[in-house]
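Below is one structure; the comments refer to it alone.
Read-outs: derived from the displayed coordinates by stated rules, not from any lab. Since the structure is predicted, the reported quantities are computational estimates derived from the model, not experimental observations. Please note: Cβ atoms are built from the backbone with ideal geometry, for glycine as well, and neighbour counts cover all protein chains shown.
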Amino acid sequence: MYILGISALYHDSAAAIIKGGEIIAAAQEERFTRKKHDNSIPTNAIAYCLTEAGIKPQDLSAVVYYDNPLLTTERFVANLQYAGDDTQDLLNLLLDDLIQKKLQIHKLIPQAVGCPDLSDRLFVAEHHISHAASAFFPSPFQKAAIITMDGVGEWATTTIGYGEDNHIKLCKQINYPNSVGLLYSAFTYFCGFKVNSGDYKLMGLAPYGEPVYYDTIVENLIDIKADGSYRLNLEYFDFQYGRAMTNDKFAQLFGGARRTPESNITKREMDMAASIQKVVEEIVILTAKTAKQLTGGETENLVLAGGVALNCVANGKLQKEKIFKNIWVQPAAGDAGGALGAALYYYYQHCNNQRIADGIHDTQKGTYLGPAFSDADIEKVLTENHCVYHKTETTEALYETAAELIDAGNIIGLFEGRMEFGPRALGNRSIIADARSPVMQSKLNLKIKYRESFRPFAPAVLEEDASAYFDLEGNSPYMLKCANVKDSIKKSFDLENAMKETDNMLPVVNMVRSTIPAVTHVDYSARIQTVTQETNECFYNIIHAFKERTGSSVVINTSFNVRGEPIVCNPYDAYLCFMRTEMDVLIMGRYILYKNEQPEFKEETDWRDIYELD
Amino acid sequence: MSLIKEKNLLSAWAKENTIKTMSNQSSEGEASYYTDASPNEIMEYNYESVADMQAMFSGCWNIQCDPKVKTILAVSAIANVPIEHQTQEPAMDSASEMRIPDFIYMF
């Protein structure tokens, strides 16, 4: 029984295919089209899933879309009524997006799948059910409380539910326009970042500031109840009219106009980031307490999904609160993961199939669910592009060489195995470097990623050594939890004084904050990936070889892309990214390329014009 | 310009609590903003289900003629035109007008 799940037409389109309860493949469309956050019908991802499963479209038992367009339409029309006379922008959206696309999925999806007759096999699940299913069904837990939070689905923006065996049930929800996701996005927008892709930046900016606007927010923008439920004061927002996220009244509240994108970041933006982060953490923690109450204290497990669940700082705080002993977050917590959830929901709940959970292992397969490429595929690309390369004789030699190169200060593009599903690169489409280097953070940001200097990098650490470096509760295989570095490796520095006289963050970024400064944020936090041999043998062995050589079990792990570019998918994408940046070495499969050996690389157009800044 | 003249027809199916949600009314006295979750149903999606939705809309809309063709098309598509009988896509305005603002991902 093969089931195809599809998310599309909001943001981060994706397809996922399951066979029985086993996840066979999942991928985001952006990786194939090279258009970040591509929201089109995921034709390429669908084709990949069918190929990976080795089936034809006719073999599919069901195709499940992750959202109910009829309910979305209902919300939309209610929104029109609310908007009254001020409806022109909304109606533009109505035609462009809702009428032409979402309500036409019964035509668009069969076309994309390549099966004109999907009658009786095309289903829609609700948006937050898809999120909830993506969080619970692949989790290790037989029972768990469920929380989903995002911008908006059809109506719901936050839900609380419960999962047991092969069944989930959502009990409570908060409806649009009240949305913690939209509130956070309003701050992202106002601070001059792009909504959705810029939300991570706001989270990364928060530790530079102080939450001085916390009271302003809770007194004017949002009313938070003791149970974590909330209501927005719409007088400060414009999204409900189909326009910008915030309005003039919002700007007045924060002392002036929105920051112009790409202009200097000032103390105001840092403090706004810190303030909204505090509000989100408060809501997440209160909601978790309510989830615990609603589930009668029957479970020590919590699963999370929805875009807000990608806020790893909030996840880390939630773990520290110990409301639930165990927390599992869907690695593709945003809309992409809805494709997987929709398929799993159909299989388990609609078809009532048995689910087995051992309490320890999830079924996400390390989220390495995308395409892989053979050595022959890689060599073909290298030959076609006249690359100079070295093929290692053994995998052990590859690990040793990689470790030696990292130790020597090189920045390495690492392309191995199946591509990750979800926004995080976890060692198969990664750029890796030495976390001990005090200059590596700014070097990576400015010369490799071409992004803002303040943005932090994540550590990948051998799971068995994580406790030597970080105050981490449990593990973090998907880089979705933040924790502080251990006191024993901290180095003191005075952030307040350093930031007192200047808005320039670069000197602060370059201050040594621990023995692994490149992955230690200014508040001593780190977004951790714990690596095991079981889930990623190659990445584990490279870090292990690095440890043997240096005594350090930590490397920098950042996604293999430049700013505005989707993470690389195939060997050619990786080769292009390697040649376009100041990366030193590229490792693909068993092949090693050194930049200084490569023939001159020329492109007719500047790649910086290809990718829109995020 | 009011595009929806007869709001009472709309409210027949736009549930009272959802309209309440859209309002700015005071929160005084409320202990919680949670509502019961929707039924979590999975449904087959086909021409019939879309037609059912169209029937819901039929009569809810009484639209003034907007000078912009796309507005009329939007309303026609939702209220009057059976999707299975459409032979061509509605005409589009210029590409610039078709662009969806990047911040409106939630629609």
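Counting only aspartates and glutamates at least 8 places from A:LYS595 when in the same chain, those with an alpha carbon closer than 13 Å to its own are A:GLU582, A:ASP584.
Over chain A, what relative contact order in percent results from Cα pairs under 8 Å that are six or more residues apart?
Values: 1330 pairs, mean separation 97.0, N = 614.
Once divided by the residue count of chain A, the mean separation gives 16 percent.
Positive end of the dipole of chain A (Cβ unit charges, origin at the Cα centre): among A:THR188, A:GLY359, A:ILE224, the Cα lying farthest that way belongs to A:ILE224.
Among the GluC sites (Glu not before Pro) within region A:388-473, those in coil by DSSP and having at most 14 neighbouring Cβ atoms inside 10 Å are A:GLU393.
Rounded to the nearest 0.05, what FRET efficiency do A:ARG549 and B:ASP36 have when you use their Cβ-Cβ distance and R0 = 60 Å? Provide the component values of the computation, followed by the final result.
Details: r = 58 Å, r/R0 = 0.97.
After rounding, the FRET efficiency stands at 0.55.
For region A:101-160, the square roots of the Cα gyration tensor eigenvalues, ordered a ≥ b ≥ c, give a/c of at least 1.5 with a/b no greater than b/c, which places it in the oblate category.
Shielding of A:165-171 by partners, i.e. mean partner chain Cβ atoms within 10 Å per residue? If you can, show how the numbers build up before the last one.
Working: counts 0, 0, 0, 1, 3, 5, 4.
That average works out to 2.
Placing unit charges on each Cβ (+1 for Lys and Arg, -1 for Asp and Glu) gives the protein assembly as shown a dipole about its Cα centre, and among A:MET419, A:ILE6, A:ASN301 the Cα reaching farthest toward its positive end belongs to A:ASN301.
Prolate is the label for the protein assembly as shown, because the ratio a/c of its alpha-carbon gyration tensor axes (a ≥ b ≥ c) is 1.5 or higher and a/b is greater than b/c.
Of the peptides A:322-328, A:350-356, the ranking by mean beta-carbon count within 10 Å, highest at the top, reads A:322-328, A:350-356. Straight-line cross-link reach from A:LYS36 at under 19 Å between alpha-carbon atoms covers these lysines, not counting any fewer than eight positions away in the same chain: A:LYS194, A:LYS201, A:LYS449. When the charge dipole of region A:226-307 is built from unit charges on Cβ atoms (+1 for Lys and Arg, -1 for Asp and Glu) and taken about the Cα centre, the candidate among A:THR287, A:ILE276, A:PRO261 whose Cα reaches farthest toward its positive end is A:PRO261.
Which shape class, rounded, prolate or oblate, goes with region A:27-181 when its Cα gyration tensor gives a ≥ b ≥ c as root eigenvalues, a/c under 1.5 marks rounded, and past that a/b bigger than b/c marks prolate? Oblate is the answer for region A:27-181, as a/c is 1.5 or above yet b/c matches or exceeds a/b. About its Cα centre, the dipole of region A:182-244 is roughly 300 debye, where the only charges are +1 on Lys and Arg Cβ and -1 on Asp and Glu Cβ.
For region A:465-581, compute Rh as the Kirkwood radius over C-alpha pairs and then the Stokes-Einstein diffusion coefficient at 25 °C and 0.890 mPa s; write the answer in µm²/s, rounded to an integer. Show your work: numbers first, answer last.
Working: Rh = 16.4 Å.
Approximately 150 µm²/s, per Stokes-Einstein.
For each pair in A:LYS292/A:LYS325; A:LYS365/A:LYS447; A:LYS107/A:LYS365; A:LYS249/A:LYS289; A:LYS56/A:LYS107, compute the distance between the two Cα atoms and list the pairs where it is over 22 Å. Going by Cα-Cα distance, A:LYS365/A:LYS447; A:LYS107/A:LYS365; A:LYS249/A:LYS289 fall outside the 22 Å limit. Our note on the geometry: Cα centres of region A:578-614 and region A:96-133, 38 Å apart. Using only Cα atoms, locate the centre of region A:287-343 and the centre of region A:1-38, then give the distance between them in Å, rounded to an integer. With region A:287-343 and region A:1-38 each reduced to a Cα centre, they are spaced 21 Å. For region A:26-135, a crude dipole built from +1 on the beta carbon of Lys and Arg and -1 on the beta carbon of Asp and Glu, taken about the Cα centre, is about 400 debye to the nearest 20. Using only alpha carbons, region A:12-102 has a radius of gyration to Kirkwood radius ratio (Rg to Rh) of 1.11. Note on A:LYS267: aspartates and glutamates with a C-alpha under 20 Å away, same-chain residues under 8 apart excluded, are A:ASP199, A:GLU210, A:ASP215, A:GLU452, A:ASP494, A:GLU496, A:GLU501, A:ASP503, A:ASP523. Applying both filters, DSSP loop and at most 15 other Cβ atoms within 10 Å, to the trypsin sites (Lys or Arg not before Pro) of region A:436-542 gives A:LYS491. Its convex hull of Cα atoms gives region A:168-312 a direction-averaged projected area, equal to a quarter of the hull surface, of 9.1 nm².
Summary value for region A:1-141: 24 percent relative contact order, contacts being C-alpha pairs under 8 angstrom separated by 6+ residues.
Can you give me the Kirkwood hydrodynamic radius for region A:228-291, using every pair of distinct Cα atoms, in Å to one decimal? List each step's numbers first, then the result.
On the way: mean 1/r = 0.0729 Å⁻¹.
Computed over region A:228-291, the radius equals 13.7 Å.
Taking all Cα pairs closer than 8 Å and separated by 6 or more residues, the relative contact order of region A:338-473 comes to 18 percent.
How large is the charge dipole for the protein assembly as shown, taken about the Cα centre, if only the Cβ atoms of Lys, Arg (+1) and Asp, Glu (-1) carry charge, to the nearest 20 debye?
Using only the charged Cβ atoms, the result is roughly 740 debye.
Computed from backbone phi, the HN-Hα couplings of region A:548-559 come to 4, 7, 10, x, 9, 9, 10, 10, 6, 10, 10, 5 Hz, rounded to whole numbers (Karplus: 6.51 cos²θ - 1.76 cosθ + 1.60, θ = phi - 60°; Gly and Pro given as x).
Summarise the partner chain shielding of A:186-195 as one whole number: the mean count of Cβ atoms from other chains within 10 Å of each residue's Cβ.
Details: counts 1, 0, 1, 2, 0, 0, 0, 0, 2, 6.
Average neighbour count from other chains, rounded to a whole number: 1.
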